[in-house]
Amino acid sequence: MLRPPVIAKTPHDLRVPPNPALGWEAARRALSGLPGGGFNIAYEAVDRHAAGARAAYPAIRWLAAAGADRVITYAELSALSNRFASLLRGLGIAKGDVVFVLCGRIPELYAAVLGALKLGAVASPLFSAFGPEPLKTRVNLGGGKVLVTTESLYQRKVKKITAEMPTLRHVLRVDTDAGRAQIAAAAETPRIERTTAEDPAFVHFTSGTTGMPKGALHVHGALVAHYATAAVALDLHPDDVFWCTADPGWVTGTSYGIVAPLAHGVTSIVDEAEFDAERWYRILREQQVTVWYTAPTAIRMLMKAAVTPPPLPKLRLIASVGEPLNPEAVWWGKEALGLPIHDNWWQTETGGIMIANTPAMDIKPGSMGKPLPGVEAAIVEKGGDGVSVIEAPNVEGELALRPGWPSMFRAYLGQEERYRKCFVGGWYLTGDLARRDADGYFWFVGRADDVIKSAGHLIGPFEVESALMEHPAVAEAGVIGKPDPVVGEVVKAFVSLKKGFEENEALRSEILAHARKRLGAAVAPKEIAFAPGLPRTRSGKIMRRLLKARELGLPEGDTSTLEEAA
Ligand code: ATP
Ligand code: MG
């Protein structure tokens, strides 16, 4: 289907952010700071609301996978996180110690993370589907002193590796009788450590899409960026019902699943259960979600599911992050849900949204949008021992950011040299390739590692995948470069089909012909293989390096974040 290149913003159903130019300074002013000096994320997110007009307002509406749902007010979240802070303090945990939390999306996870922050400890939520090996690696890399978990996760994953985590002093099981008694006995009185904006607050692990996951260290002051970007890119307002579908084990699920919405005093939906199309539509409708932040993989699964979306009259903004969002998906949002999907770009390292199609902008489907206020982004080229900025529009190069935004990572745990190498000539190099158009919109080309060099052309897998997805039979596509003696690399595509389509030669030729017509022979895949599903990280990203390793019969490398095929 031929579609226009721009979806115009719809001002009539848009509420203009409180301050459309909200940069870091304005966000800093909107936050309180600790009474008497200092800055602590948990205070900004919870306690200042609990001490004010929002005390009895729902902070979290928790939807249980089974059993009764719960509403947790700001006052209750404040009290429960105080208990966790007291309990951890009683275990000897002090400022700077690392507290790992492996709980699944239950209220205790949120309280434990916030409690750790109140103590000045460094919180690291871990994804509950990780097996023992990846858990051990992360706890050891962070030098974790405490692991907060549940009885079932303890029995299944933690018990057998406790002896191999030498820094770990305590494992706290929140749902055993003993654990419950400890929490109940812990003091509820607030005592927030006087942290500063530069004190460490979180360790987040990257998704492991390109290799071994890295541990990125973030500071309390990062909240300034979470707050500002949640206003500008997610348009959060006090009466919003906000649903961030990411697990807190990934940076999105913490920055925008815990702290940003709380800092804005809004109500967040937390769903304990895993993805299910019908359930998700029901949540959007019944919970009257107004702002929904999700990921391309979830959107593609909804597109693939044979479930008709219900009317969603309360929903006013959908945003997505984590992978390139194919134009097809942006349009699907508009046509199936009544709202286009606003893509935005950031990384574990950036801690918060950097580039976005904000609700105040026209959307260019396929583009990541423009840098947010306060963010300076450029397309650069490496050369000699520095970088030069490419000023001309539409030229591909590496996406770089000017260091200094508040949520910039401060270290890669245990990898000082690697951290230092990210910064060249006054820029932070992201490892992603992109281009900027004449209107200032940024377009993702591919990860530096994934870009295909074929007969002198640089081919971004995203462009090819997006074109393949326009074919009505294609649900998902992953594209790699396959070594070729003549042209360097040829483009090979792995394609999974929508329900109701059958893998056969006729369809393969049809998809090939479609791609050639759309992309030209030089860029279109030479080979297409049908695959029932594509390998992806647990955060939902297509692992092209694994498609490639498997194709070439090479070692698979680190697969700790690989989602087992369903
Ligand atoms: P690793 O660094 O371990 O290989 P990762 O880069 O996938 O894993 P994250 O920090 O979770 O770990 O993901 C950030 C990356 O995800 C970005 O660098 C980019 O490649 C991709 N990404 C995120 N959002 C977008 C987007 N809107 N469009 C295109 N790519 C995106
Ligand atoms: Mg990365």
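The values are calculated or read from the model by the stated rules, or taken from the named source; none is laboratory data. What you see is a predicted model; the values in this text were computed from it and never measured. All Cβ positions, glycine included, derive from the backbone under ideal geometry; neighbour counts span all protein chains shown. Remember, those area values only see protein heavy atoms, side chains included, never the ligands or the DNA or RNA. Shrake-Rupley method; radii C 1.70, N 1.55, O 1.52, S 1.80 Å.
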Can you tally the net charge around Ala392? Count Lys and Arg as +1, Asp and Glu as -1, for every other residue whose Cβ sits under 12 Å from the Cβ of Ala392.
-2
Taking a label point 7 Å from the Cα of Arg282 along Cα-to-Cβ, the residues of the range 45-78 whose backbone nitrogen sits under 19 Å from it are 61-71
Based on a Kirkwood Rh over C-alpha pairs, give the Stokes-Einstein translational diffusion coefficient of the range 141-185 at 25 °C and viscosity 0.890 mPa s in µm²/s.
222
So if I restrict to the alpha-carbon atoms in the range 419-566, what is the Rg, and what is Dmax, the biggest pairwise distance, in Å?
16.4, 53
Nearby aspartates and glutamates by direct alpha-carbon distance to Lys314 (threshold 19 angstrom, same-chain neighbours under 8 apart not counted)
Asp13, Asp235, Asp239, Asp240, Asp271, Glu278, Glu286, Glu335
Percent of alpha carbon pairs in the range 449-519 separated by more than 17 Å?
43
Packing rank of 465-472, 556-563, where each peptide gets the mean count of other beta carbons within 10 Å, highest leading
465-472, 556-563
With label points set 7 Å from each Cα along the Cα-to-Cβ direction at His170 and Ala506, the distance between them in nm comes to 6.7
Assuming 0.36 nm per residue, please report the length gained on full extension of the stretch Val389 to Arg550 beyond their Cα-Cα distance.
54.3 nm
Can you compute 3J(HN,Hα) from phi for each residue in the range 510-516, using the Karplus curve 6.51 cos²θ - 1.76 cosθ + 1.60 with θ = phi - 60°, rounded to whole Hz and x for Gly and Pro?
5, 5, 4, 5, 4, 5, 5
Amide proton proximity set for Ala201, modelled H, under 5 Å, gap of 5+:
His218, Val219, His220
In nanometres, the difference between 0.36 nm per residue of separation and the alpha-carbon distance of Val6 and Ala529 is 185.0 nm
Could you give the alpha-carbon Rg of the range 221-359 over 2.2 N^0.38 Å, rounded to two decimals?
0.96
Quick check: pseudo-label points 7 Å beyond the Cα along Cα→Cβ at Ala163 and Phe275, how many nm apart are they?
3.9
Could you work out Rg/(2.2 N^0.38 Å) for the range 388-461, with Rg from alpha carbons only?
1.24
For the range 11-374, Rg(Cα) over 2.2 N^0.38 Å is 0.94
Solvent-accessible ranking of Ser86, Ser32, largest area first, probe 1.4 Å:
Ser32, Ser86
Quick one: which of Lys136/Lys498; Lys9/Lys541; Lys145/Lys382; Lys382/Lys517 span more than 32 angstrom between C-alpha atoms?
Lys136/Lys498; Lys145/Lys382; Lys382/Lys517
When the chain is fully extended, how far beyond the present Cα-Cα distance does Thr559 get from Glu381, taking 0.36 nm per residue of separation?
61.0 nm
Using Cα pairs closer than 8 Å and at least 6 residues apart in sequence, work out the relative contact order for the chain, in percent.
13
Heavy atoms of the protein only, probe of 1.4 Å, neighbouring chains included. What is the accessible area of Lys482 in Å², nearest 10?
50
Along the three principal axes, how long is the range 32-73 when you take its alpha carbons, biggest first, rounded to the nearest angstrom?
43, 19, 8
Between Asp362 and residues 5 or more places away or on another chain, which pairs have amide H atoms under 5 Å apart, with H built 1.01 Å from N, and which residues are they?
Lys9
How large is the convex hull of the Cα atoms of the range 306-404 per residue, expressed in Å³ as a whole number?
141
Out of residues 5 or more away from Thr267 or on other chains, whose amide H comes under 5 Å of its own, with H placed 1.01 Å from N in the peptide plane?
Asp240, Phe242
What are the semi-axes of the equivalent ellipsoid of the range 329-461, taken as the square roots of 5 times the eigenvalues of the Cα gyration tensor, listed largest first and rounded to whole Å?
26, 19, 14
Calculate one ³J(HN,Hα) per residue across the range 234-239 by plugging θ = phi - 60° into the Karplus curve 6.51 cos²θ - 1.76 cosθ + 1.60, and present them in order as whole Hz with x for glycine and proline.
10, 6, 5, 10, x, 9
Surpassing 29 Å at the alpha-carbon level, of the pairs Lys334/Lys453; Lys160/Lys214; Lys118/Lys370, are Lys334/Lys453; Lys118/Lys370
For the range 274-290, take each phi angle, set θ = phi - 60°, evaluate the Karplus expression 6.51 cos²θ - 1.76 cosθ + 1.60, and give the result in whole Hz per residue in order, putting x for glycine and proline.
8, 4, 7, 4, 5, 4, 5, 5, 5, 4, 4, 7, 5, 7, 6, 4, 9
Counting all C-alpha pairs of the range 38-158, share separated by more than 25 Å (%):
26
Cα to Cα, under 19 Å, and not fewer than 8 places away if on the same chain: which lysines meet these conditions relative to Lys499?
Lys304
Given the DSSP H assignment, sum -39500 (n - 2.57) over each helix run of at least 4 residues in the chain and divide by its residue total; what's the result at 222 nm in deg cm²/dmol, nearest 500?
-7000 deg cm²/dmol
Between helix 107-119 and the chain, what is the angle of the helix's C-alpha long axis to the longest principal axis, kept within 0 to 90° and rounded to the nearest 10?
70
Whole-number D in µm² s⁻¹ for the range 161-213, Kirkwood Cα-pair radius fed into Stokes-Einstein, 10 °C, 1.306 mPa s:
103
The range 11-374: antiparallel DSSP beta bridges as a percent of all, rounded to 5:
30
